[in-house]
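The structure under discussion appears below in the form of C-alpha cells.
The values are calculated or read from the model by the stated rules, or taken from the named source; none is laboratory data. Keep in mind it's a predicted model, so treat the numbers as computed, not measured. As a convention, Cβ positions derive from the backbone with ideal geometry for all residues, glycine included, and neighbour counts pool all protein chains shown. Note: accessible area is taken over every heavy atom of the protein model, side chains too, but ligands, DNA and RNA are not part of it. Shrake-Rupley method; radii C 1.70, N 1.55, O 1.52, S 1.80 Å.
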Amino acid sequence: MIIVNGNKYKIEPALLDKKLSEWLREDLFLTGVKIGCEIGVCGSCTVLVNNQAKRSCKMLVKDAVGHEITTIEGISGEDGTLHPLQQAFMDAGAIQCGFCTPGMVLSALALLLQNHQPTRSEIRQALKGNICRCTGYQQIVDAVEMAARIMYPRIK
Amino acid sequence: MKPAFRNDAYAKVTGAAKYTDDYTLPRMLHAVPLHAQTASARVISIDCSLALQSPGVLRIILAEDIPGSIKFGQIIKDYPTLAHKRICSTGDVLALVVAESRAQALAALPLIKVQLEELPAIFDPEQAMRKDAELINPEYGSNICNYHRVRTGDIQEGEEEAELIIEQDFSTSRIEHAYLEPESALAHLRSDGVMEVIGSMQHPFSTRRFVASTLGFELKDVEVRTVPIGGAFGGKDDTAALVCARAALCAYLLKRPVKLTYNREMSMRESYKRHPYRMQYRMGVKKDGSITFVKVRMVADGGAYCSVTPWVTWRSTVQCCGCYEVPNVHCDVYGVYTNNVFSGAFRGFGSPQVNFAIEQLVEIAAHKLGMDEIDFRRKNMVKQGSTTVTNQVLDTHKVSLQEVMDKVLSEIDYETKRAKCSFGDPKQDKWYGIGFAISYRGMSLGAEGVDFNSAILNVQPDGSVLLETGVHENGQGSESAMILIAAEELGLPVERIRYRLPSTSNIPDGGTTVASRGTLLGGGATTKAARILKGIIAETLLKEYDLSAERFEKGQILTLEGQTICTWEKAIALCYSKQVYPYAFGVFQAPRVSWDEETGHGDAYFTWVYGCQAVELEVDPKTMKVTLLNLVAAHDVGKAINPAMVKGQFYGGLAMGAGYGLFEEVPLADGGVIPTNLHQYKLMRATDLPEMTAIIVENPDPTSPSKAKGIGEPTLEITAPAIANAIYRATNKRYVDQPLKLRP
Ligand code: FES
Ligand code: FES
C-alpha cells in the first residue's frame, strides 16, 4: 500500500516495477509531477517521501510501498487555500514558466520541515538538486525565506 | 515591492497547470522519432517490417507518406519534416513510430533497419565557405547561407588616423537552450476537418505554417492553441514547430489523436542551438582614446538548416561595434551551412557573441593606451543624438547608456574595488577581480521582419473583460503584463480581466514572441485597443448624459474635471442597451525601419535599450575555479509594467549569461551532439550564483504606446564579457574564447 496525498492505494503486482513518476502521472493523474530529464538530475519530478524530497523518476513504485508520498497537489487545503510556501512563491515572483515550480516548492518544504529558520545559503544548498532555467533562483530563495517567516514566526 | 502579479501563478504553484504532455485524449496514440545519428548520408532503404510486428505498433511513417511539402522553413524551406533520401544532420528524423503506448513505440525503434551510404561531411564553416566545397543544401546553391555587411566612412582613413591598432580574434560556443520542458505536441483531426494542435512551442503562427505545409492544408484548417510551456528562450520555434507538424502528420494518417513527446535525449540531439561565432577584430584608436575604425569579419556556424541564421547574423552586423560611435567601419558577416546540428534563435539573438568580443576589445585598447576603461567607454559610447555605425541617429528616445553605467558602477563601488584586484599576484591565495560591460540593443525585429501585433478587448455584459493579443506566453509573464496594461488603461482591477485562451484561429498573426518584443508590441496593441474601447464608451455616454468621459479610474468613469459620470458597469450596460458593442481591436504597427544591404546603412530598429552589468569574482589559483561573488545589473526598460517580473527577467538573464560565460557549451562529435542529457550539460544551480542586484531604470519610450520596452534579452547579453573582464583583473590573463576556460 502507498499513501499519496492522504489517499491509500493498493498496488497491483504488475505496477511494482513501474517508475514512480510515471505511476503518479499516468495512473493517478498527478501531472504536477514534471519530467525534465528522467535520470535524476533536474529535480522537476521531486515529491516528498515521508517528508523527504526525492526524485520520483529514480524510484520504482515498489520503493514507495509502505510510505507516504506528497505531491504538489497535496499541499494546498481542500478548499484551495494555498500553503504559505505556495503563496510566497506567487508573491515573490518566483514563478516564470512554472515547470520547476512543483519540485522547487516540495524541496523547499522538505527543508523548512527540518530547518525552521534557514539562511539564504542553506536554502540554496537545499535547492541545489532542482534546476530552474528561468529565474536565476533569486526570487525562489526570497520566497522560501518569506515562507519560513510565516510558517515559523520568531518569538520576540 | 508590490507582490508579483501573474494570472497563471495559482495554477502553476498548485500543479494544476497543464503542459502539453499532461493532456490525454480518448483513443490517443503515441509517436516517437527515429533519428539519423549520421551527419551526412544517402538513405538506401528503411526496413520497417520487423518493427511493425512489435506489440502495439500501428504504423511507421516515412517521408513518402507526407501529403504536403516535405520541407519547410521560416526563411529558406530546407528543413525536412522527415528526411527524404538524404541526411544532412545527426538530428534528422527518418521515421515516426506510432503505437498504442509510448513504451511500445520506443521498444520498436531499434527494430527499424536503416541502410545508409555515408557521404563526406563538412563540420568547419571556413571549409564550407571554400569555392570547391561540396554543397550542403544543393537547392540553395551555396554554403554561404547569408552575407551581411556594413561600410561606413573610409576604412583607409581610419587606419591612417589610428595611433594604435589592436587585432584580436574571439570565439563563442554553441549552447543548449535547456528549457526545462522538452518538446511535446498533441494533435487531433477534429470532426469539422480542422487539425487542432497543442504543443510546447513558442510561436503558434509559425507552428501553424509548419503544420499546414506538411499536411498540405490551408491555414484556416489548422488551429494551434496555447497551453503553458516550460521555457523556450528562443529555442521552441523551428524544432518545436516540426514536432507539432509530425504529431499532426501522424494524427492525420491514423485518424486518431497522437501525442509526440520528446525525452531530453531526443531534444538535445535534434533541437537547434545558439550559433557559435568566430570573430576577427581589428580596431584603431588615437592616443586620446577615440576609436578611428573597426574592421571585423564574423563567421557564424548555422549548421545543416537555415532556420533564422540570416536574422541572427543581421543583428550581429548592426551591432558589430557594440554601443560605440565609430566613424569608419568595415564589417563582413557570414552565416554558413555545415553538417553540424543546426543553429537558430536563442535569447540574445546574435548580440551575446558580439558583445563578448567588443566589451573585451575596448578594455584591451584602454589598457594599451594607459587609459581608464570607464573613461574610454565614456568617450566613445553613444549619447543622445549620436549616429550609430549604420547611420541611424538616436534621437527618438532617451539614450541612457551613461545613466545605466553610472548606476551600476556606483552600486557596486567599482572604482574602490578595482584597486583591490589581484592581477594574478602569486602571493595571494585567492585572486579577486571586478569587471563590467555595457551594451545597447535594437528593440524588436527591426528591419529583419514585418513587425506588428494586435489585441482584442471584448467587454462582457457584466463588465468583465476578455483580452487576447498576438503575443505568446513563453513563461515570461507576457499575459500578466498585457492584463496590467489593460487594467491601468481601463481603470479596472486585474481580477476583472481574463486573458482568453489564445488560438491561431481567433486573432491575426502577430509574428513570433521573440526579440524581447512581447511587451513592446503586444502592450502597444493592448494600449491601442483600450483607447479605442474608451472612445466607444465615451461616445455612448456623451449621447446619454451630454458629458465627456475622459478618465477611467477605479471602476468609475469621470469627466476631465473629476465629475463622476457613472460606474464602469453602468456604462457597459448602457452600451449593450444602445446596441453598441464594447469591443475593440487594436493594432500596433512598429514605426518604420530601413536597411540597405549594400552599404549596411539604415534605421535598423525603431528604438533601443541600454544596459550595464558588473561582476565581482574570486579565482582559486590552484584549481583556477571561479566563484562569483556579486552580480549587479541596470537596464532601461522604458517602463516597468510588472516590476517583480521585470526583476525576474534580470535574474534569469544574469544566471544564463553567467553560465554562458563560465561553462556552457555543447561539444559535437562528427556533427552530432555529445551530451545526451542534463548530467553532461552543466547549468547554473542555486549554489553557483551569488546574490544579485537588479536596478530598473525607467525612461518612458515615446515610440511605445505603453511606454515599455523589452527586457528578456538585454539581461544576458553582457554578463559573459563582464565576467571575462573581471577574470582578467583577477588573473592578469585575457580569455578570448567563450566559455572562459581558465588555465593555470
Ligand atoms: S525528471 Fe526526475 S530529476 Fe529530472
Ligand atoms: S520557472 Fe521555468 S524552469 Fe523555473
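Please verify whether the stretch B:307-322 includes one or more residues that are out of contact with any helix residue (DSSP H, G or I) (no Cβ under 7 Å at 6 or more places or on another chain), crowded, with 24+ Cβ neighbours inside 10 Å and closer than 30 Å to residue B:105 by Cα.
Checked the stretch B:307-322: no residue is out of contact with any helix residue (DSSP H, G or I) (no Cβ under 7 Å at 6 or more places or on another chain), crowded, with 24+ Cβ neighbours inside 10 Å and closer than 30 Å to residue B:105 by Cα.
Taking the condition of being under 17 Å from residue A:104 (Cα atoms) and either facing chain B (nearest Cβ under 7 Å) or more than 10 Å from ligand 1 (Cβ to nearest atom) (or both), how many residues in the stretch A:22-33 meet it? If you could, list the steps in order and put the result at the bottom.
Here is the first cut: in the stretch A:22-33, the residues under 17 Å from residue A:104 (Cα atoms) are A:30-33.
Remaining after also requiring either facing chain B (nearest Cβ under 7 Å) or more than 10 Å from ligand 1 (Cβ to nearest atom) (or both): A:30-32.
Of the residues in the stretch A:22-33, 3 are under 17 Å from residue A:104 (Cα atoms) and either facing chain B (nearest Cβ under 7 Å) or more than 10 Å from ligand 1 (Cβ to nearest atom) (or both).
So in the stretch B:226-258, with the set limited to residues that are open to solvent by 10 Å² or more (accessible area, probe 1.4 Å) and modelled with pLDDT of 95 or more, which one is farthest from ligand 1 (Cβ to nearest atom)?
B:255
So how many residues does the stretch B:259-284 have that are open to solvent by 10 Å² or more (accessible area, probe 1.4 Å), among the basic types (Lys, Arg) and within 25 Å of the chain's Cα centre (by Cα)?
2
Out of B:89, B:40, B:69, B:54, I need the residue that is farther than 27 Å from residue B:146 by Cα, more than 14 Å from every other protein chain (Cβ to nearest Cβ) and among the polar types (S, T, N, Q). Which one?
So the residue among B:89, B:40, B:69, B:54 that is farther than 27 Å from residue B:146 by Cα, more than 14 Å from every other protein chain (Cβ to nearest Cβ) and among the polar types (S, T, N, Q) is B:54.
This table checks each residue for (1) of a type in the set (A, V, I, L, M); (2) surrounded by fewer than 24 Cβ atoms within 10 Å (Cβ to Cβ); (3) farther than 29 Å from residue B:474 by Cα; (4) within 16 Å of ligand 2 (Cβ to nearest atom).
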residue	(1), (2), (3), (4)
A:43	no, no, no, yes
A:46	no, no, no, yes
A:56	no, no, no, no
A:86	no, no, no, yes
A:103	no, no, no, yes
A:127	yes, no, no, yes
A:131	yes, no, no, yes
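Within 17 Å of the chain's Cα centre (by Cα) and either among the aromatic types (Phe, Trp, Tyr) or at pLDDT 95 or above (or both): is that true of residue A:65 in this structure?
Answer is no for this residue.
Identify all residues within the stretch B:1-22 that are at the interface with chain A (Cβ under 7 Å from one of its Cβ atoms) and among the basic types (Lys, Arg); write none if there are none.
B:6, B:12, B:18
What about residue A:136, is it small (Gly, Ala, Ser) and open to solvent by 60 Å² or more (accessible area, probe 1.4 Å)?
Criteria not met by residue A:136.
Check residue B:688 against each of (1) touching a residue at least 60 places away in the same chain (Cβ under 8 Å); (2) surrounded by 24 or more Cβ atoms within 10 Å (Cβ to Cβ); (3) within 21 Å of residue A:137 (Cα to Cα) and name the one condition it does not meet.
For residue B:688, the exception is condition (2).
Kindly indicate which of B:715, B:719 is within 14 Å of another protein chain (Cβ to nearest Cβ), within 16 Å of ligand 2 (Cβ to nearest atom) and open to solvent by less than 10 Å² (accessible area, probe 1.4 Å).
The conditions single out B:715.
Do the conditions hold for residue A:118, that is, is it out of contact with any Cys (no Cβ under 9 Å at 6 or more places or on another chain), free of Cβ contacts under 8 Å to residues at least 40 places away in the same chain and either over 26 Å from residue B:477 (Cα atoms) or more than 7 Å from every other protein chain (Cβ to nearest Cβ) (or both)? Full working, then the answer.
Details: out of contact with any Cys (no Cβ under 9 Å at 6 or more places or on another chain): yes; free of Cβ contacts under 8 Å to residues at least 40 places away in the same chain: yes; either over 26 Å from residue B:477 (Cα atoms) or more than 7 Å from every other protein chain (Cβ to nearest Cβ) (or both): yes.
Here the answer is yes, as residue A:118 does meet what is asked.
Scan the stretch A:38-59 for residues that are in contact with a helix residue (DSSP H, G or I) (Cβ under 7 Å, 6 or more places away or on another chain), within 13 Å of ligand 1 (Cβ to nearest atom) and either more than 12 Å from every other protein chain (Cβ to nearest Cβ) or over 19 Å from residue B:259 (Cα atoms) (or both) and report the count.
Going through the stretch A:38-59 one residue at a time, the tally reaches 13.
Restricting to the stretch A:6-39, count the residues that are open to solvent by less than 30 Å² (accessible area, probe 1.4 Å) and either assigned to a loop (DSSP other than H, G, I, E, B) or within 16 Å of ligand 2 (Cβ to nearest atom) (or both).
Count: 7.
Listed here are the residues, each with its yes/no results for (1) of a type in the set (Asp, Glu); (2) within 14 Å of ligand 1 (Cβ to nearest atom); (3) over 30 Å from residue A:14 (Cβ atoms).
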position	(1), (2), (3)
A:36	no, yes, no
A:85	no, no, yes
A:97	no, no, yes
A:109	no, no, yes
A:131	no, yes, yes
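Can you tell me how many residues within the stretch B:697-744 are modelled with pLDDT under 95 and either of a type in the set (Gly, Ala, Ser) or farther than 27 Å from residue B:452 by Cβ (or both)?
The qualifying residues number 7.
Somewhere in the stretch B:124-137, is a residue buried (at least 21 other Cβ atoms within 10 Å of the Cβ) and assigned to a loop (DSSP other than H, G, I, E, B)? Walk me through it before giving the result.
Let us first name the residues in the stretch B:124-137 that are buried (at least 21 other Cβ atoms within 10 Å of the Cβ), namely B:125, B:128, B:136.
Still in the running and assigned to a loop (DSSP other than H, G, I, E, B): B:136.
The answer is yes; a qualifying residue exists.
Can you confirm whether the stretch B:157-176 contains a residue that is within 16 Å of ligand 2 (Cβ to nearest atom), within 14 Å of chain A (Cβ to nearest Cβ) and not hydrophobic (A, V, I, L, M, F, W, C)?
yes
State yes or no: is residue A:93 away from ligand 1 (no atom under 14 Å from the Cβ) and either touching a Ser or Thr at 6+ places or on another chain (Cβ under 9 Å) or in the same structural domain as residue A:127 (by TED's automatic domain parsing) (or both)?
For residue A:93, the condition - away from ligand 1 (no atom under 14 Å from the Cβ) and either touching a Ser or Thr at 6+ places or on another chain (Cβ under 9 Å) or in the same structural domain as residue A:127 (by TED's automatic domain parsing) (or both) - is met.
Tally time: how many residues in the stretch B:2-22 are over 26 Å from residue A:27 (Cα atoms) and touching a helix residue (DSSP H, G or I) at 6+ places or on another chain (Cβ under 6 Å)?
Summing the residues that are over 26 Å from residue A:27 (Cα atoms) and touching a helix residue (DSSP H, G or I) at 6+ places or on another chain (Cβ under 6 Å) in the stretch B:2-22 gives 5.
Of (1) in contact with a Lys or Arg (Cβ under 6 Å, 6 or more places away or on another chain); (2) crowded, with 17+ Cβ neighbours inside 10 Å; (3) away from chain A (no Cβ under 14 Å), residue B:60 satisfies all except one. Which?
(1)
Go through (1) open to solvent by 50 Å² or more (accessible area, probe 1.4 Å); (2) within 7 Å of another protein chain (Cβ to nearest Cβ) one by one and return the number of the condition residue A:95 breaks.
(1)
Working only within the stretch B:372-416, note down all residues that are in a helix (DSSP H, G or I), open to solvent by 50 Å² or more (accessible area, probe 1.4 Å) and basic (Lys, Arg).
Matches in the stretch B:372-416: B:378, B:379, B:407.
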